[in-house]
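Heads up: the structure comes next, in structure tokens.
The values are calculated or read from the model by the stated rules, or taken from the named source; none is laboratory data. What you see is a predicted model, and the numbers here were worked out from it, not measured in a lab. Quick reminder, even Gly has a Cβ in these numbers, built from the backbone with ideal geometry, and neighbours come from all protein chains shown.
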Amino acid sequence: MDRRDSLKTLLVGTIGGITLASVNSCKTEVATDAPLKQTASNLYGRTPKELEHDKKVHAEVYLNEHELATIAVLCDIILPATTDAGSATDAKVHEFIEFIVKDIPAHQLPMRGGLMWLDLEANRRFEKQFIACSKEEEIQIIEDIAYPDPDNKKPTMAHGIAFFNLMRNLTLTGYYTTKMGFDDLGVNSNYANVWDGVPEEVLANHDVDYEPEWLAKCVDQSKRLVIAEWDEEGNLLT
Amino acid sequence: MPTKIYDAIIVGSGAGGGMATKILSEAGMKVALVEAGPYFDPKDPATMTQMKWPWESPRRGANTNRAFGDYDMSWGDWEVEGEPYTQEKGTNFMWWRSRMLGGRTNHWGRISLRFGPDDFKHKDIDGLGENWPISYEEIKPYYDRLDKMVGVFGSKENRYNDPDGFFLPPPKPRLHELYYIKGARKAGVDVIPSRLSILTKKLNNDRGVCYYCRQCNRSCNVYGDFSSSSVFIIPAVNGGQVDLYVNSMVRTVTTDENGKATGVSFINKEDRKEYKLKAHSVVLGASACSTARILLNSKSKQHPNGLGNSSDLVGRYLHDSTGGGRMAFIPALMDRKTNYNEDGVGGLHVYSPWWLDNKKLDFPRGYHIEVWGGMGMPSYGVGFNVTEFNKLIGGEVGGYGDKLRKDVRRYYGAIMGMEGRGESIALKDNRCELDPMVVDQFGIPVLKFNYKWSNHERYQARHMQDTFEEIIHAMGGMPLGDKPTEEQDWGLLKPGQIIHEVGTTRMGNDPKTSVTNKYCQLHDADNVFIVDAGPFVSQADKNCTWTIMALAMRTSEYVVKQYKQRNI
């Protein structure tokens, strides 16, 4: 297993929420080996308790319509459509955010408070809510909160910067965990295949190579379906 | 309830309990296997998570419900609802439990390393801890048979303390692993093909061959890796000699007036009632700490301090592997070609076994280095703070719009990391015991942990961090984050966090200083045996599963012999 330090959430990993396992109370009789009975709606291998959790979270309402509309606008500022790929809302990232703040409640207050901060800032500058602003007005605010401010040159923007960082993180995660995001990134993963090393044209671009002695130890994939047999010294014969 | 008397009751269906179930049932013994969690078969489509996409999970695989994410195949983690554990003030031990058929073997890392000759006699080398009452030569035949029975890939390396076995051939290194090989060698660190219990080649007609999805932690639906459920238990149950009791939480081992075990008492989680099973022998494989808990809860007139605990050592000498890690950014892997699948097996293709002589170091025992990275499948967390990496190459941090797409692409597959896993010293004061006040939802007294690292482990963690940086620089990489400081114990993870807890019922020849004899048979009750990691005298820097299974095979065959000689 991998023990993950918090840094790993930068690109991989899933540190964050409080975790509480939910495993028992499965419908199983003593002295039988009957598998768990699960419903057809169980698309990703949930235990009954986890199904219940999902149902409950889906039924909850946290963000209101105005908040969700603002999130949708922000998502598409963060990831607009390109000639090749759809926008964040095309990938339904706003719906993911609606769910994830309920599923990971630690996101709730920073999200709600941050959205309100944005409306207050829009009101201060333009006397209207953020989504009522023109594109130019929106971008004027976003430009002030989209970049870190390590020297504290814009102290009144600090909370907006923290909020936009959260929005950017959730938008990118929401997008790059969809089919659209996978296509955009070129993810080439998650199907049955036979790994036989880095392709030569890729290796050619790198200052590393396979050594013959190392390769000699590795699997001959043409014989992977031949049952293994060894001599007494542990040398593979087949 | 059945009134029959079993030849053996086996408690727990993980690596040790699974092996015992196989060996005992195949020898014709009538066996009851009692598991605290529900039934599980890796190929059942209703519970399968293998080959799922992140978008099939509304939280994209985040860890709300499962500590290692939605798709990790462990029902139960550091916390199990209704089954708490407590801590001595000022200490923190993390205890992972998987409540399911096959236990933790459904999601484990499949790293399968034999202990070497020195690992059984380390006190002779550095005066610390205790020697095992057995030697590598005594266990070697069981390791050999285990390799052929269960399957492990690796390579012949002729290293004295990392003995070779009967290996399936290893997979070729991935691109970031080629960089690691180069960097490690430059830094003077050995590196060899990894040794994992994954079938890179057909082993028998019952199991499929790896199809390289990198998802062993989700449990393999073609049985292409080792899980106790798929490889041991399900075939054994089909053999007809095994009655399987799932959702059955063992509370105590019952004993007679002579102090011998008569069976077990358990709670059926469905109706929340207590039941008893009778047997001529009891084989405990509930995990090091759960087995200690059962023994400590099995108090009787004959065993007033708990079963097997006349030495007061049950629960003591608890120890986990040390752990520390570091991430790195490899500029040469920026903007890499994604036109090929490099999922590979579920884990590392290369690793560094311990390579140094402690005589020149300020800490005892060693550690190995595991490597991770490459173009894996994104899940919740992808893209988080991705623009921060731009700092490293003088680019812009933050921003929005099209540039973010470029950032995500630029760093995809360019981050890798190293994890050190080392040997700690077993200390008598590091222990679990019964909490005098707290019971779980089944009314069973729970464990209270009391575990502190010593400077042996802290100095080892410091050495790990120095080594990681050296390797990262030698690879042409940049270490990420800050190097952990002395105040942070140099990044040493919490005890329990590596999930290699062992030693709670250690073996030995002297009943005053050990709980079991060298056959993992209780000194105090000769028809009770332990097949989990409880009897480990020391951990080695090798991960415990392969040795759990080799010892479990040996103990199980000893049980069969006793049974055939009518001794039990």
*Of all residues in region B:60-92 being in a strand (DSSP E or B) and of a type in the set (S, T, N, Q), which is farthest from A:L43 (Cα to Cα)?*
B:Q87
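Is one or more of the residues making up region B:203-211 of a type in the set (A, V, I, L, M), in contact (Cβ under 8 Å) with a residue 40 or more places away in the chain and either in contact with a Cys (Cβ under 8 Å, 6 or more places away or on another chain) or under 28 Å from A:V198 (Cβ atoms) (or both)?
yes
Checking the condition closer than 30 Å to A:L51 by Cβ and surrounded by fewer than 23 Cβ atoms within 10 Å (Cβ to Cβ), which residue from B:Y160, B:Y71, B:Y85 passes? Spell out the reasoning first.
Details: B:Y160 fails: closer than 30 Å to A:L51 by Cβ; B:Y71 fails: surrounded by fewer than 23 Cβ atoms within 10 Å (Cβ to Cβ).
When all the criteria are applied, what remains is B:Y85.
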*Out of all the residues in region B:269-296, which are under 13 Å from B:I444 (Cβ atoms) and assigned to a strand (DSSP E or B)?*
B:E274
_Flag for A:I161 being surrounded by fewer than 20 Cβ atoms within 10 Å (Cβ to Cβ), free of Cβ contacts under 8 Å to residues at least 24 places away in the same chain and facing chain B (nearest Cβ under 7 Å)_ = no
*Considering region B:213-223 alone, what residues qualify as being among the basic types (K, R) and part of a loop (DSSP other than H, G, I, E, B)?*
B:R214
*Could you please find all residues in region B:458-489 being of a type in the set (G, A, S) and not in a loop (DSSP other than H, G, I, E, B)?*
B:A461, B:A474
*Unmet requirement for B:A46, which otherwise passes all of (1) surrounded by fewer than 24 Cβ atoms within 10 Å (Cβ to Cβ); (2) at pLDDT 95 or above*: (2)
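Quick check on region B:525-546. Is at least one of its residues of a type outside the set (A, V, I, L, M, F, W, C) and surrounded by fewer than 22 Cβ atoms within 10 Å (Cβ to Cβ)?
Yes - at least one qualifying residue is present in region B:525-546.
For (1) without any contact (Cβ under 8 Å) to a residue 40 or more places away in the chain; (2) among the hydroxyl-bearing types (S, T, Y), each residue gets a yes or a no:
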{"residue": "B:G374", "(1), (2)": "no, no"}
{"residue": "B:S379", "(1), (2)": "no, yes"}
{"residue": "B:V397", "(1), (2)": "yes, no"}
{"residue": "B:R410", "(1), (2)": "no, no"}
{"residue": "B:A426", "(1), (2)": "no, no"}
{"residue": "B:C432", "(1), (2)": "no, no"}
{"residue": "B:D440", "(1), (2)": "no, no"}
*Out of all the residues in region A:178-212, which are surrounded by 14 or more Cβ atoms within 10 Å (Cβ to Cβ) and touching a residue at least 40 places away in the same chain (Cβ under 8 Å)?*
A:T178, A:M180, A:G181, A:D184
*Out of the residues in region A:179-208 that are at the interface with chain B (Cβ under 7 Å from one of its Cβ atoms) and assigned to a helix (DSSP H, G or I), which is farthest from B:Y180 (Cα to Cα)?*
A:K179
*Residues that are surrounded by 24 or more Cβ atoms within 10 Å (Cβ to Cβ) and assigned to a helix (DSSP H, G or I), drawn from region B:93-121*: B:G103, B:T105, B:N106, B:D119
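Would you confirm, using the coordinates I've provided, whether A:Y175 is aromatic (F, W, Y) and over 27 Å from A:K102 (Cα atoms)?
Details: aromatic (F, W, Y): yes; over 27 Å from A:K102 (Cα atoms): no.
So A:Y175 does not fit the description; no.
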*Neighbours by Cβ (under 7 Å, 6+ apart or cross-chain): first from region B:557-568, free of Cβ contacts under 8 Å to residues at least 24 places away in the same chain; second surrounded by fewer than 18 Cβ atoms within 10 Å (Cβ to Cβ) and among the small types (G, A, S)*: none
*Any residue in region B:227-239 that is of a type in the set (S, T, N, Q), more than 25 Å from B:L551 (Cβ to Cβ), free of Cβ contacts under 8 Å to residues at least 40 places away in the same chain and not in a strand (DSSP E or B)?*
yes
*Hits in region B:253-294 - residues which are in contact with a helix residue (DSSP H, G or I) (Cβ under 8 Å, 6 or more places away or on another chain) and of a type outside the set (V, I, T)*: B:H280, B:S281, B:L284, B:G285, B:A286, B:S287
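Can you say whether B:Y212 is away from every other protein chain (no Cβ under 14 Å) and on the phi > 0 side of the Ramachandran plot, as far as the supplied structure shows?
Details: away from every other protein chain (no Cβ under 14 Å): no; on the phi > 0 side of the Ramachandran plot: yes.
No: the conditions fail for B:Y212.
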*Among the numbered criteria (1) over 30 Å from B:R185 (Cβ atoms); (2) assigned to a loop (DSSP other than H, G, I, E, B); (3) of a type in the set (S, T, Y), which single criterion is violated by B:T262?*
(2)
*asked:* Could you check region B:127-144 and list, in sequence order, the residues that are in a helix (DSSP H, G or I) and surrounded by 15 or more Cβ atoms within 10 Å (Cβ to Cβ)?
replied: B:Y136, B:I139, B:K140, B:Y142, B:Y143, B:D144
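When only residues in region B:50-62 that are surrounded by fewer than 24 Cβ atoms within 10 Å (Cβ to Cβ) and at the interface with chain A (Cβ under 7 Å from one of its Cβ atoms) count, which is nearest to B:V237 (Cα to Cα)? Before you say what the answer is, go through the steps one by one.
As a first pass, look at region B:50-62 and keep what is surrounded by fewer than 24 Cβ atoms within 10 Å (Cβ to Cβ): B:50-53, B:55-56, B:58.
Within this subset, residues satisfying the condition of being at the interface with chain A (Cβ under 7 Å from one of its Cβ atoms) are B:51-53, B:55-56, B:58.
Values: B:M51: 27, B:K52: 29, B:W53: 33, B:W55: 36, B:E56: 33, B:P58: 36 Å.
Checked region B:50-62; the qualifying residue nearest to B:V237 (Cα to Cα) is B:M51.
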_I need a count of the residues in region B:331-347 that are at the interface with chain A (Cβ under 10 Å from one of its Cβ atoms) and either in contact with a Cys (Cβ under 6 Å, 6 or more places away or on another chain) or on the phi < 0 side of the Ramachandran plot (or both)._
11
*asked:* If I filter region A:209-237 down to residues being more than 37 Å from the chain's Cα centre (by Cα), aliphatic (A, V, I, L, M) and assigned to a loop (DSSP other than H, G, I, E, B), which single residue comes out as farthest from the other protein chains (Cβ to nearest Cβ)?
replied: A:L237
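Scan region B:192-212 residue by residue and report those that are in a loop (DSSP other than H, G, I, E, B) and surrounded by fewer than 24 Cβ atoms within 10 Å (Cβ to Cβ). Reasoning before the result, please.
First pass over region B:192-212, keeping only residues in a loop (DSSP other than H, G, I, E, B): B:194-195, B:197, B:199-212.
B:K201, B:K202, B:L203, B:N204, B:N205, B:D206, B:R207, B:G208, B:V209, B:Y211, B:Y212 - these are the residues of region B:192-212 that are in a loop (DSSP other than H, G, I, E, B) and surrounded by fewer than 24 Cβ atoms within 10 Å (Cβ to Cβ).
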*Residues of region B:505-537 being in contact with a Phe, Trp or Tyr (Cβ under 7 Å, 6 or more places away or on another chain) and assigned to a loop (DSSP other than H, G, I, E, B), which ones?*
B:R506, B:Y519, B:C520, B:V537
*Of the residues A:E65, A:E137, which is more than 14 Å from chain B (Cβ to nearest Cβ), more than 22 Å from B:G398 (Cα to Cα) and surrounded by fewer than 16 Cβ atoms within 10 Å (Cβ to Cβ)?*
A:E65
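Has region B:319-327 got at least one residue that is in a loop (DSSP other than H, G, I, E, B), crowded, with 22+ Cβ neighbours inside 10 Å and not polar (S, T, N, Q)?
First, the residues of region B:319-327 that are in a loop (DSSP other than H, G, I, E, B): B:320-321.
Checking which are crowded, with 22+ Cβ neighbours inside 10 Å leaves us with B:320-321.
Next cut, not polar (S, T, N, Q) only: B:320.
Among the residues of region B:319-327, at least one is in a loop (DSSP other than H, G, I, E, B), crowded, with 22+ Cβ neighbours inside 10 Å and not polar (S, T, N, Q), which makes the answer yes.
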*Need at least 2 residues that are among the hydrophobic types (A, V, I, L, M, F, W, C), surrounded by fewer than 21 Cβ atoms within 10 Å (Cβ to Cβ) and more than 10 Å from every other protein chain (Cβ to nearest Cβ) per element, so show me which strands (runs of 3 or more DSSP E) inside region B:355-445 make the cut, counting only ones lying wholly within it.*
B:431-439
*One residue from B:G476, B:G443 being at pLDDT 95 or above and within 30 Å of A:D209 (Cα to Cα)*: B:G476
